[in-house]
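*Asks:* This is the structure I want to talk about, given as structure tokens.
The values are calculated or read from the model by the stated rules, or taken from the named source; none is laboratory data. Here the structure is a predicted model, which is why all the values come from computation and not from measurement. Glycine gets a Cβ as well: all are built from the backbone with ideal geometry, and neighbour counts include every protein chain shown. These accessible areas exclude ligands, DNA and RNA; they are computed on the full protein's heavy atoms, side chains included. Shrake-Rupley method; radii C 1.70, N 1.55, O 1.52, S 1.80 Å.
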Amino acid sequence: MIDTEITYHNVHNKFKLNGFHLNREELCTFAYSFIKEGEDFEKPVGDFLLDWFDDKSYIEMNTSGSTGKPKLIKVDKQAMVRSALATGDFFDLKPGDKVLHCLPANYVAGKMMLIRGFILGLEIDFVAPSSHPLAKIDYDYDFAALVPMQAQYSLDKLKHVRKIIIGGAKITKPLEQKLLKIKSEIYETFGMTETITHIAARKMGEEAFTVFPNVMLSLDDKNCLLIKAPSVSLDIIETNDIVEMVSENQFIWLGRYDNVVNSGGIKLIPEQIEEKLATRIPRRYFVAGKPDPVLGERLVLIVEGEPMPIEESVFEVLDKYEKPKEIHFVKHFEETPTGKIVRKDTLGKFMS
């Protein structure tokens, strides 16, 4: 059960950072050394530690910027504690569990890994965020959080982590097929900065996300998800995520409302089309709408890299209106630090 008496002032007596038992005062001393003498990836850890242990009841952080300009928001520290407890409850994390932390501390996911350590009493090994974070690990771990790119480049090492959560960007179908062959317990998470990281998870091989306890879901008139999570926000959180409700606590994610293409009055969800094309195009790609004087928007396929031939048979899995009317190649996709493609900025490269 979640203990609501635990506050953000607490540091669990079993918490360790890189092998050292540290209390609140010692963590602040570490913070100053990280800021003054640490490597580039350690400085944000130092900044976060000082922010967490100051006299304010909130910290400020930026949203990811994947669907618009990043914005600075205030996040209640006690709500972050409740989020850490909910994660520990859902994934059965215990004091003394050994955790690999390989996410940047600039963003909510990286901050939350440290908070889980303080609150749940985890033993955290903090390593530089990179595309190959498990390359030099010497231990087996109980838990780790990765972005899809890190999972893709660490497939041969994931067996050394008992339980893995992957978030920050959608897991592609080809990656999921590879992850299903690994004995570790692996989940895709769903959440955003406003929900203080994830509020739902989907085990590899399952279709639906299951929400955490005390989270209630509903839909607006656009079939976008509304989240009521009183433990992390007093307000109902509105999203642009189009979902199909399976039950009161499970949903299937379909796509983003802000990506929907209206082509001649027919509404197309790009993510659903991209799912059908999974494994058929050997590079990163996405579909989007391009202004059209007759249709309003014309569906186009954007492929990363130099031009290459794409056979007509690739599109046989698509319905009549889902077939792209144009194919464009962009040398490099714009992306967030977690590897999520920023569609609008990438489209601007060939539409400007």
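*Asks:* Mind checking the range 97-174 for chymotrypsin sites (Phe, Trp or Tyr not before Pro) that DSSP puts in a loop (not H, G, I, E or B) and that have at most 11 other Cβ atoms within 10 Å? Kindly include the intermediate steps, with their values, before the conclusion.
*Replies:* Numbers: sites: Tyr107, Phe118, Phe126, Tyr139, Tyr141, Phe143, Tyr153; in loops: Tyr107, Tyr139, Tyr153.
Loop-located and lightly packed - Tyr139.
*Asks:* Let me ask something additional. With the crude spin-label approximation of a point 7 Å out along Cα→Cβ, what separation in nm comes out for Ile327 versus Met216?
*Replies:* My value for the distance between the label points is 5.0 nm.
*Asks:* The chain: Rg/Rh from Cα coordinates, Kirkwood Rh?
*Replies:* Numbers: Rg = 21.2 Å, Rh = 21.6 Å.
Rounded to two decimals, Rg over Rh is 0.98.
*Asks:* So which trypsin sites (Lys or Arg not before Pro) in the range 195-297 pass both tests, a DSSP loop state and at most 12 other Cβ atoms within 10 Å of the Cβ? Don't skip to the end; give the middle numbers.
*Replies:* Values: sites: Arg202, Lys203, Lys222, Lys228, Arg256, Lys267, Lys276, Arg280, Arg283, Arg284; in loops: Lys222, Arg280, Arg283, Arg284.
Sites meeting the loop and neighbour criteria: Lys222, Arg283.
*Asks:* Compare Trp52, Trp253 by solvent-accessible area with a 1.4 Å probe and give them largest first, with all protein chains kept in place.
*Replies:* On the way: Trp52 0, Trp253 55 Å².
Ranked list, largest accessible area first: Trp253, Trp52.
*Asks:* Right, here's the next one. Rank Asp138, Asp258 by accessible area, highest first, at a 1.4 Å probe radius?
*Replies:* On the way: Asp138 130, Asp258 70 Å².
Largest accessible area first, the residues go Asp138, Asp258.
*Asks:* How many percent of Cα pairs in the range 291-352 exceed 19 Å? All intermediate terms of the calculation are to be shown ahead of the outcome.
*Replies:* Working: 784 of 1891 pairs.
Tail fraction, whole percent: 41.
*Asks:* If you don't mind, another one. Using only the Cα atoms of the range 246-295, build the gyration tensor, take square roots of its eigenvalues as a ≥ b ≥ c, and label the shape rounded, prolate or oblate: rounded if a/c is under 1.5, else prolate if a/b is larger than b/c, else oblate. Walk me through the numbers on the way to the answer.
*Replies:* On the way: a/c = 2.91, a/b = 1.27, b/c = 2.29.
Since a/c reaches 1.5 but b/c is at least a/b, the shape of the range 246-295 is classed as oblate.
*Asks:* Still on this structure, please answer the following. At a probe size of 1.4 Å, how large is the accessible area of Glu304, to the nearest 10 Å²?
*Replies:* Ignoring ligands and nucleic acids, Glu304 comes out at about 30 Å².
*Asks:* Just tell me which lysines come within less than 29 Å, Cα to Cα, of Lys320; anything on the same chain fewer than 8 places away is out.
*Replies:* Partners within reach: Lys170, Lys173, Lys222, Lys267, Lys276, Lys290, Lys331, Lys340, Lys344, Lys349.
*Asks:* Figure the gain on full extension for Lys203 and Asp156 (residue separation times 0.36 nm, minus the Cα-Cα span) and round it to one decimal in nm. Provide the component values of the computation, followed by the final result.
*Replies:* Details: separation 47, 0.36 × 47 = 16.92 nm, distance 1.95 nm.
Here the answer is 15.0 nm.
*Asks:* Put +1 on the Cβ of each Lys and Arg and -1 on the Cβ of each Asp and Glu in the chain; which of Phe15, Gln177, Met80 then has its Cα farthest toward the positive end of the dipole?
*Replies:* Gln177
*Asks:* Here's another thing I want to ask about it. For the pair Lys183 and Ala135, what calculated FRET efficiency results from E = 1/(1 + (r/R0)^6), where r is the Cβ-Cβ distance and R0 = 30 Å, to the nearest 0.05?
*Replies:* The formula returns an efficiency of 0.90 here.
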